Ligand code: MOS
């Protein structure tokens, strides 16, 4: 068997994807389907005073136009941050109040997409306007209530730590709004057959969507199926139950026919969640040997007027380095936007840009090598909670990446390295991502023909999860990966967690592992009762499954497949349930209700984090000030790597996006009109091959028996964390300029 865990297995679904054979949510077209289109508010705040749909209705092909008065009613769920499945707690088209620009005010249903769009253009809405603002209301920044314990944390005495220090960095770093633009746009297709409802939508959590829809429309969960077989880019944008999905489902019920809404690129900027802008204030103090004597991080993140979005950067930064005196505060500041949400490493990207820039500034003040500063502050136990890390290979990552990168060639002083007209700089930064594990189930069937089927309500959000789940089962059952078929992305399958927070491989993967062991156990119980096989009469408790082989006492063994073939049924099925021993009952209950219940990253006994180190070379042109990143090296340790090819791609993709965050990505804001200026993907700058020359990804061996039975930590988000700081630090080394506001452009250097 060559395609085992920890080898580079090519995704078996890849060929089907590139040949267009795979069906994404919007590829399903139930017969008689109509098309929806949103009409959105041009004003930021105020009231909808009148809405005239007569011209729209007269448009050929238009079936109907729903407004807040006519849209079929449903019970609006709470938003995610208020403990519900919604992406926001404010549901548009439930009244006349306008709370953000681009808020849906009408829903057009037509025979085809063009007619729907024409109809939408003919809807005449009038408004009374009040002032709106998109600038964060920092004067009224607040610590969100209810989570005060976690959102304000103090250990020791930061003032004293600063007073006794040899060097202090006291700086503020800022990060901008970023909007999701996955290749596969947001869509919903709703098909009612009486009280039975099928919803196709690209989703990172079909169970969350099903639970929310069932509650909203007063249906049993068995009456709703949510399908998301393939996802063309998620990164947090398809994590919950968005209002546009609910509007589509309600409209389909109203017209008595299937309805599809494909959200336009323009509307994707206002009807969905995004990465909020943030302010990261750091005070770091250290003694002459570099040891931190004080650590203070105050994060102010943007949120909407109606939801308290806590993606807590301070929880992660305070987990990084040893320090006796720590103070962190998680604050929010409101502005008039839709509710922000998740985007790949939803707080770590922003907060580690700040932390790892500040660490570099501290190293410079101390005249220390930045790598050494991380080394003297490395810790085996959580700086606040005191529990040990389940595994922590941060410095091993620094050692590996600095070596391959050639960090020793770096000369210390800024502007000291040049190549013709290019100023050359080297910079580094820490990556980390919390390991959280969610409960999951999986069903595994094995057939005497030497094949198996794995089923679970997890998702392949473009990561290769189909192949990875297949690999786990293949290795446990002793089959080739090709012989294992995996079904995911349906809410009718055994429960699996949201594909967010980098939990899928570790959590859903562990359920597949457990299901395989259970399946083997059942086969063993049957085979020991039969005559004439190596395990006849053996105590089943004495038999172990090792990569497809049943090993009994005294060297008695047989392959699992042979054992299965020997059983009268010749096939077997098992349901596996996985839950981390430190998962609370409440967290378990939350997941089974479709929510996000996890153990970690800090449990009663351990802190669970994945780590990495990134090294970047930048070149800044002396005359044009053009900034280039010709080389980036990252070394990562994240427990067991299940598939070295897909993992490599995830980490590389994260690093490239990190460079995009550093140099390109920025939703532009019209502050005078309080709205986002960007409206499409064409002007969305991202790094391309010409920008990224060498991306070196190393995956270190790391064994962690605490995180889960597979020893897997998440890697989906790890790669983006710290990259922007590494670029900032390299720019400083090249030019002597310290850039503290993302993204960095020509004018900044
Ligand atoms: Mo990820 S931002 O948790 O989908």
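Where a number appears in this text, it was derived from the coordinates with a stated rule and is not lab data. This one's a predicted model, so the numbers in the text were calculated from it and none came from an experiment.
Remark: relative contact order (the chain) = 16 percent; criterion is Cα-Cα distance under 8 angstrom and separation of 6 or more residues. For region 201-263, the fraction of C-alpha pairs more than 17 angstrom apart is 40%.
The share of C-alpha pairs in region 167-222 whose separation exceeds 16 Å stands at 61 percent. Where only DSSP H runs of four or more residues are counted, the chain gives -7000 deg cm²/dmol as its mean residue ellipticity at 222 nm, each run worth -39500 (n - 2.57). In plain terms, the bigger the Kirkwood radius, the slower the diffusion; for region 247-385, with that radius from Cα pairs, at 25 °C and 0.890 mPa s, Stokes-Einstein puts D at 140 µm²/s.
Stokes-Einstein diffusion for region 346-499, with the hydrodynamic radius set to the Kirkwood value over Cα pairs and evaluated at 37 °C in a medium of 0.692 mPa s, equals 165 µm²/s. If you take the square roots of the eigenvalues of the alpha-carbon gyration tensor of region 621-749 and sort them as a ≥ b ≥ c, do you get rounded (a/c under 1.5), prolate (a/b over b/c) or oblate? Taking the square roots of the gyration eigenvalues as a ≥ b ≥ c, region 621-749 is prolate.
Sequence gap at least 6, Cα distance under 8 Å: using those rules, report the relative contact order of region 69-162 to the nearest whole percent.
Details: 43 pairs, mean separation 10.6, N = 94.
It comes to 11 percent, rounded to a whole number.
Taking max minus min of the alpha-carbon positions on each principal axis, region 58-125 gives extents of 43, 20, 19 Å, largest first.
Principal axis extents of the Cα atoms in region 124-273, from largest to smallest and rounded to whole angstrom, are 72, 40, 30. The orientation-averaged shadow of the Cα convex hull for region 378-457, equal to a quarter of the hull surface, comes to 12.0 nm². Computed over region 437-592, relative contact order equals 32 percent, with contacts defined as Cα pairs under 8 Å that lie 6+ residues apart.
Considering all different alpha carbon pairs of region 361-419, the Kirkwood hydrodynamic radius works out to 13.5 Å.
When restricted to Cα atoms, region 88-164 yields an Rg and a Dmax of 23.0, 73 Å, respectively. Note on region 417-436 and region 313-337: Cα centroid distance 24 Å, given to the nearest whole angstrom. Quotient of the Cα radius of gyration of region 564-675 and 2.2 N^0.38 Å, N being its number of residues: 1.77. From largest to smallest, the equivalent ellipsoid semi-axes obtained for the chain from the alpha-carbon gyration tensor read 40, 39, 23 Å. Across region 337-396, the volume of the C-alpha convex hull divided among the residues equals 141 Å³ per residue.
What the Cα convex hull of region 5-62 gives, in volume per residue, is 233 Å³.
Taking square-rooted eigenvalues a ≥ b ≥ c of the alpha carbon gyration tensor, is region 7-127 rounded, prolate or oblate, where a/c under 1.5 means rounded and, failing that, a/b exceeding b/c means prolate? Oblate is the answer for region 7-127, as a/c is 1.5 or above yet b/c matches or exceeds a/b. Each principal axis of the Cα cloud of region 437-592 was evaluated for its coordinate range; sorted largest first, these ranges are 49, 33, 24 Å. Semi-axis lengths, largest first, of the ellipsoid equivalent to region 502-646 are 47, 22, 14 Å, with √(5λ) applied to each eigenvalue of the Cα gyration tensor. Looking at region 653-697, the pairs of alpha carbons with a distance over 11 Å make up 71% of the total.
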